[in-house]
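Structure first, commentary second.
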């Protein structure tokens, strides 16, 4: 079997794909491609990007590139204590409203923990 040069190989691939109804277009080399999958992020530095067009659809193909590890930071919702919780902590510990709110936020809304935190500070 005859060995094909890269140029001949690329042309043969293009002919074969066109016969299947696929049009492949090289977009170029990207600086960075970021793929976000829920809690996971994949970042590729310097990949080649191709567009494959077929029947009105366009598919992007990303080839190569250096994978850069990345973690998605979880953001916790800020806890806002209810007036009832603040009143209960104030009554049990004898502290001001602000101190009771701070203890409840620090404990994440756990009433018993907030009361213990305030009592241990005395």
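The values are calculated or read from the model by the stated rules, or taken from the named source; none is laboratory data. Note that the structure is a prediction, hence the values are computed from the model and not measured. Heads up, the Cβs are rebuilt from the backbone with ideal geometry, glycines too, and the neighbour counts pull from every protein chain shown.
Remarks
Yes or no, residue by residue, for (1) part of a strand (DSSP E or B); (2) surrounded by 10 or more Cβ atoms within 10 Å (Cβ to Cβ); (3) at pLDDT 80 or above:
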position	(1), (2), (3)
8	no, yes, yes
13	no, yes, yes
16	no, yes, yes
21	no, no, yes
24	yes, yes, yes
27	yes, yes, yes
33	yes, yes, yes
67	yes, yes, yes
70	yes, yes, no
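- Boolean, residue 46 is loosely packed, with under 13 Cβ neighbours inside 10 Å, at positive phi and at pLDDT 85 or above: yes
- Members of region 83-97 found to be in a helix (DSSP H, G or I) and in contact with a helix residue (DSSP H, G or I) (Cβ under 7 Å, 6 or more places away or on another chain), listed by number: 85, 86, 88, 89, 90, 92, 93, 97
- Counting residues in region 72-82 that are outside any loop (DSSP other than H, G, I, E, B), touching a residue at least 24 places away in the same chain (Cβ under 8 Å) and surrounded by 11 or more Cβ atoms within 10 Å (Cβ to Cβ) gives zero.
- Sub-6 Å Cβ pairs linking a first residue in region 1-23 that is in the same structural domain as residue 59 (by TED's automatic domain parsing) to a second residue that is modelled with pLDDT of 85 or more, at least 6 apart or interchain, are 22/52; 23/53, ordered by first then second residue.
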